[in-house]
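One structure is given below, encoded as structure tokens.
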Amino acid sequence: MYALAKAKGIHYFHFLQPNQYDDGSKPMGDEERRIAVTEDHPYAKGVKAGYPRLRELGAELINRGVTFVDLTNVFANDRDVLYRDNCCHVNREGQLIVVAAMAKTILGKVTDKN
């Protein structure tokens, strides 16, 4: 996708989204934990095993010139309830936080002369 976008002069951005099963990515109180975490959820195992590898691969993307941003810790200092289900979906407040982080990256890149 990056190569296709680059060939057409289009900026390409690759973001790794936050996930509640990524250990240490967000402090959670009891209320959010009841909503968002199911200990034996089928995605939990994949996230725990896969996210470290996705971060490694993200570093490889950066080395290839791709704008890769790891957003997995975007909620690291936020104690508000942001997840709305036990899959990976966030509520409106969570969406605004993620979108703001994405927008900062995109705006910084497209206004950069490089």
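The values are calculated or read from the model by the stated rules, or taken from the named source; none is laboratory data. Keep in mind the model is a prediction, meaning the values are calculated, not measured. In this analysis, Cβ positions are derived from the backbone assuming ideal geometry, glycine residues included, and neighbour counts consider all displayed protein chains. The accessibility values were calculated without ligands, DNA or RNA, using every heavy atom of the protein model including side chains. Shrake-Rupley method; radii C 1.70, N 1.55, O 1.52, S 1.80 Å.
Odds and ends about this structure:
- For the chain, lysine pairs separated by 8 or more sequence positions, or belonging to different chains, with Cα-Cα distances below 17 Å total 5.
- Computed over the chain with a Gaussian network model linking Cα atoms closer than 10 Å, the most mobile of ALA44, ALA100, ALA59 is ALA100.
- Between the residues ILE10, LEU61, TYR21, the greatest Cα displacement towards the positive end of the dipole of the range 1-107, with unit charges on the Cβ of Lys, Arg, Asp and Glu, is found for ILE10.
- Annotation note: GluC sites (Glu not before Pro) in the range 22-71 located in DSSP loop regions with a Cβ neighbour count of at most 13 within 10 Å are GLU39.
- Assuming charge only on the beta carbon of Lys and Arg (+1) and of Asp and Glu (-1), the dipole of the range 34-114 about its Cα centre is about 180 debye to the nearest 20.
- Lys, Arg +1 and Asp, Glu -1 on Cβ, resulting dipole of the range 12-60 about Cα centre, debye, nearest 20: 100
- Angle of helix 42-63 to the longest C-alpha principal axis of the chain, folded into 0 to 90 degrees and rounded to 10: 20°.
- In this rough spin-label picture, where each label sits 7 Å from Cα along the Cβ direction, the THR111-PHE13 distance is 1.3 nm.
- Here the sum of -39500 (n - 2.57) over DSSP H runs of 4 or more residues, divided by the residues of the chain, equals -15000 deg cm²/dmol at 222 nm, to the nearest 500.
- PHE15 long-range amide H proximity, modeled H, under 5 Å: VAL69
- Karplus 3J(HN,Hα) series, Hz, for the range 82-87 with 6.51 cos²θ - 1.76 cosθ + 1.60 (x for Gly, Pro): 10, 7, 10, 7, 8, 8
- Degrees, to the nearest 10: 92-110 long Cα axis against longest axis of the chain: 20
- When you restrict to C-alpha pairs under 8 Å that are six or more residues apart and normalise by the size of the chain, the relative contact order lands at 35 percent.
- Computing Rg and Dmax of the Cα atoms in Å for the structure here picks out one of (i) 12.9, 39; (ii) 14.7, 44; (iii) 15.7, 49, namely (iii).
- By a 1.4 Å probe calculation restricted to protein chains, LEU57 has an accessible surface near 60 Å², given to the nearest 10.
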